[in-house]
Amino acid sequence: MVNAGVRVRPPSRRAAGATADAPSPVRARVRVRVRRAVAVGVPAVTMLAVGLWGLDRGGMWRDEAVTFQVGRRTVPQIWRLLHDVDAVHGLYYLLMRPVLAVHPGEVVLRLPSVCAAAVTAGLVAALGTRLARPRVGLWAGLLYAVTPMAGHYAQEGRSYALVAAGATGATLLFVRAARGTSWWAYGAVVALTCWLHEFAVLLLFAHGVSLALGRAGARVWRGWGRAAAAVVLSLLPMVFVSRAQAAQVAWLHRPTATAAQGLARQFLGPSDGVYWICLGLALLGLAGVVGPRGEFTRAGVALPLTVVPPAVLMLVSQHSPLYVDRYVLYALGGAPLLVAGGAERVAAALGGLRRYGGRVVVGRLRPGGRAALGGLRRYGARVVVGRLRPGGGLDGRARRAAGPWRSSPVALAGVLAVAASLLHQSSLLSADRDPGRRPDDIAAVSRLAARELGPGDPVLFLPAQTRGAALAYPRAFRGARDVALTEGAATSGTLYGREAGPAGLRRRLARLERVWVVADQDLLAGRWTSHSPTERAKLAVLRREYSVRAEAARHRTTVRLYVRRARATARPGPPSASPRPGRW
């Protein structure tokens, strides 16, 4: 395009060679590699620091306790368990077995999740670097690292952080494969991720949408289709087994619009200030979601990754409830890419970049240039013409001519903005290190039991799941007699052991004058009802034949001393119908 107002004179080869500050090709390549390494490494280190902060909370919650006790079983015992329950976590339990063999403790239990979260932050940064530029990757990776949701599951002794790492790595391999490399690595990583948790298969839907937005050719569709088919076929055995174990998620409810809004806040930031800023930047980052034919844009990969898996699971859950936010934690990786892309557009606008005829023109105007080209901005002492990359970034020629040093202050400004976000939400991250922020705290329950239970004291778990406290912290229940248990958890191939039937349970309780009960408060209060005949028999006998002598509650679990009514009326004490919660 020729215009009388601005004349761009290409430098001669002699002048170009004589430029003192022109970097050699080797130095330029080294500098690019260093930038990419910094963009990937800084978020990974940041996420590692956030994950290690307060890792030893002093207590496990129920799901972590399951990992802790199953991960210490033998391989045949784990294999037997998976035929009855928790098939979707089977691979994770097998992976945790050698980890817990090193040292069975809470910190070691959570270390794999911390490392997986750090890897995920680095992979998010690598995606941003590949799809845009290093500073976009740096911002996206740091945003992931300081998101409270990522920090929460980085400290969970469960599989969700590992699934997020696998899904993000698979997305990076997906972008590479679509640009001409082999699909086998992509298929292998997706399959492994789905075996860590089968709902990761929804990642295939997200990648299919990305192919559609990128207007991929037939060759790419065929390669991806073969890989996706192989993943689905490999997953069929788990699907058949897990369908028979669907009762495990019978407690779930249909997600509502409130659940969707809550997930958006978890992805972008729980606090109002961070949420609205990130939402605005994410909307800006949606520009260019449909790229040139056969090209992936940053938004074209990030938007489906963020939206498609949660949306599909929520829609399916309207018919059969399956949705929990942690099941789609891996979709979080797309949100920082959208926010960082929006920040890049803002930085480009503030730096004076403007589209003109499919090009980017940066430079100082000569007289008449503003009238001729309409709105070009001053940028140093040069005029640079370069093509826009998909997603809005400058191509290599334009960046080199504009001067690489100009990118550093912008990148630093973005890092400082992320640091401000971290400081703003530091109270949320700090509070999350409190065991009380988890659904329950079985360590606190075990401490109560250790203080009051003596050798030979009878104890009843109501329902059987509360036995997890004794399995995770057996020292607290040492010497106590489990009234209902007939076979241990490991030997029976169950999570909590086998209990006597209703008739046998009544016979056992008939010989007891007093019994300690570790119970779910909601079950005792009638807020939910167990369908197990044994659990109903426990409740019926306690209500009919016993009175509460003392009680202490921790979160949703209570430890009660029940005494037979005949003895309770013969001895002075507080009214049995109205014990004081939280006091012995």
Worksheet item: What is the list of residues in segment 184-202 whose amide nitrogen lies under 17 Å from a point 7 angstrom out from the Cα of residue 226, following Cα to Cβ?
Response: 184-191
Discussion item. Tell me whether segment 440-570 comes out rounded, prolate or oblate; compute the Cα gyration tensor, take square roots of the eigenvalues as a ≥ b ≥ c, and use a/c under 1.5 as the rounded threshold.
Written reply: rounded
Practice prompt. Take the alpha-carbon centre of segment 420-438, take the same for segment 23-99, and report the distance between them in whole Å.
Written response: 21 Å
Practice prompt. Which order do the peptides 282-295, 48-61 take when ranked by the mean count of other beta-carbon atoms within 10 Å per residue, highest first?
Written response: 48-61, 282-295
Worksheet entry | Efficiency of FRET from Cβ geometry, residue 26 and residue 540, R₀ 60 Å, rounded to 0.05 | 0.15
Item to complete: Provide 486, 494 in ascending order of the number of other Cβ atoms located within 10 Å of each residue's Cβ, fewest first.
Response: 486, 494
Worksheet item: FRET efficiency for residue 316 and residue 84, Cβ-Cβ distance as r, R0 = 25 Å, nearest 0.05?
Response: 0.50
Item to complete: Mind pulling the per residue volume of the convex hull built on the Cα atoms of segment 25-347? Å³ is fine.
Response: 147 Å³
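By per-residue mean of other Cβ atoms within 10 Å, what is the highest-first order of 245-256, 204-215?
Ranking the peptides 245-256, 204-215 by packing returns 204-215, 245-256.
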Practice prompt. Starting from the Cα-Cα distance between residue 34 and residue 212, subtract it from 0.36 nm times their residue separation and give me the gain in nm to one decimal.
Written response: 60.7 nm
Fill in: Part-to-part distance (alpha-carbon centres) for segment 191-250 and segment 458-534, which is given in Å
39 Å
Fill in: Cα gyration tensor shape for segment 131-286, rounded if a/c is under 1.5, else prolate or oblate
oblate
Worksheet item: To the nearest 0.05, what FRET efficiency results for residue 514 and residue 99 with a Förster distance of 45 Å applied to their C-beta separation?
Response: 0.65
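Can you tell me, using C-alpha contacts under 8 Å and at least 6 residues apart, the relative contact order of segment 440-570 as a whole percent?
Relative contact order comes out at 27 percent.
When you count, for each residue, the other Cβ atoms within 10 Å and take the mean per peptide, how do 90-97, 103-110 rank with the highest first?
Descending mean neighbour count gives 90-97, 103-110.
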Worksheet entry | Global form of segment 451-510, assessed from the alpha-carbon gyration tensor, a/c cut-off 1.5 | oblate
Worksheet, complete the sentence: Least to most buried among 344, 64, by other C-beta atoms within 10 Å and fewest first, runs 64, 344
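Quick check on the exposure proxy: order 496, 144 from fewest to most C-beta atoms within 10 angstrom.
Neighbour counts put them in this order, fewest first: 496, 144.
Here, each number is a calculation from the coordinates, and none is a lab measurement. Treat the numbers as computed from the prediction; the structure is a model and nothing was measured. All Cβ positions, even for glycine, are placed from backbone atoms using ideal geometry, and neighbour counts span all protein chains on display.
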